[in-house]
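Each remark here refers to the structure printed beneath this line.
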Amino acid sequence: MSELDRWVSVADIGQGGLRQRIEASPGELAALARRYGVPAVVSLVAEVALRPVGRSRYRLTGRVEAVMRQVCVVSLDEIENRVTEDFAVDFEPQAGKPQSNEIDIDVEADDPPEPIVDGRIPVGEMVAEHLALAIDPYPRRPDAVLEDDPSEPAPARQSPFAILRKLS
């Protein structure tokens with residue numbers, strides 16, 4: 001079961017498609033924070049649309065927006081980050097398809113469709129997964145600076161011989 005347990009039956013989609021707005025409850029926000037390993041997910045709203053794109057294939061498109069509390073990798077202070085991610089995922093029934101143990105990866109190819117489970121599409125899980133992909137893995141407070149930060153100009157270094165000359 002997903003932290004965002006939202007399913008849509010393909011029977012409810014219809015030819016014109018279906019739109020939904022998902023707002024996470026306080027309990028869901030706490031569960032997502034545990035899943036992502038962050039201090040808090042303050043808010044999460046997603047606008048999604050499902051539409052048929054073939055005989056038994058459906059496309060889920062959406063945008064997820066969230067506010068998360070994360071720990072700055074420099075100062076270790078908690079900071080709030082806004083996260084926005086657009087996504088699109090195709091779904092189709094998997095019954096009767098042969099399963100293979102071989103994995104053929106083509107980075108240029110589109111992702112294969114996700115399975116429709118018992119005639120339902122796991123919309124909430126797709127929102128949660130795409131939010132996870134958008135989280136900044138190295139959150140940093142805007143004014144946080146490392147002591148030896150390579151992006152900062154290096155101080156002028158003295159030659160070891162100049163230091164020795166000062167000692168004599």
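Put simply, of 34, 59, 6, 69 the only residue that is surrounded by 15 or more Cβ atoms within 10 Å (Cβ to Cβ) and under 16 Å from the mean Cα position of the chain (by Cα) is 69. Of the residues making up the range 65-82, those that are hydrophobic (A, V, I, L, M, F, W, C), out of contact with any Lys or Arg (no Cβ under 7 Å at 6 or more places or on another chain) and at pLDDT 95 or above are 66, 68. If you take the residues of the range 114-128 that are crowded, with 19+ Cβ neighbours inside 10 Å and either at pLDDT below 95 or of a type in the set (Val, Ile, Thr) (or both), which of them is farthest from residue 22 (Cα to Cα)? Within the range 114-128, the match that is farthest from residue 22 (Cα to Cα) is 116.
Considering 50, 60, 29, the condition of being assigned to a helix (DSSP H, G or I) and of a type in the set (A, V, I, L, M) is satisfied by 29 alone.
Within the range 9-29, restricting attention to residues that are surrounded by 14 or more Cβ atoms within 10 Å (Cβ to Cβ) and farther than 16 Å from residue 64 by Cβ, the residue that is nearest to the chain's Cα centre (by Cα) is 18. Residues that are part of a strand (DSSP E or B) and among the small types (Gly, Ala, Ser) do not occur anywhere in the range 90-110.
Confirm whether residue 9 is out of contact with any strand residue (DSSP E or B) (no Cβ under 9 Å at 6 or more places or on another chain) and farther than 17 Å from residue 81 by Cα. In short, no. Residues of the range 135-154 that are modelled with pLDDT under 60 and open to solvent by 100 Å² or more (accessible area, probe 1.4 Å): 150 alone.
The values are calculated or read from the model by the stated rules, or taken from the named source; none is laboratory data. Here the structure is a predicted model, which means the values were calculated and not measured. When we count neighbours, we look across all protein chains shown, and the Cβ atoms used for this are built from the backbone with ideal geometry, even at glycine. Remember, those area values only see protein heavy atoms, side chains included, never the ligands or the DNA or RNA. Shrake-Rupley method; radii C 1.70, N 1.55, O 1.52, S 1.80 Å.
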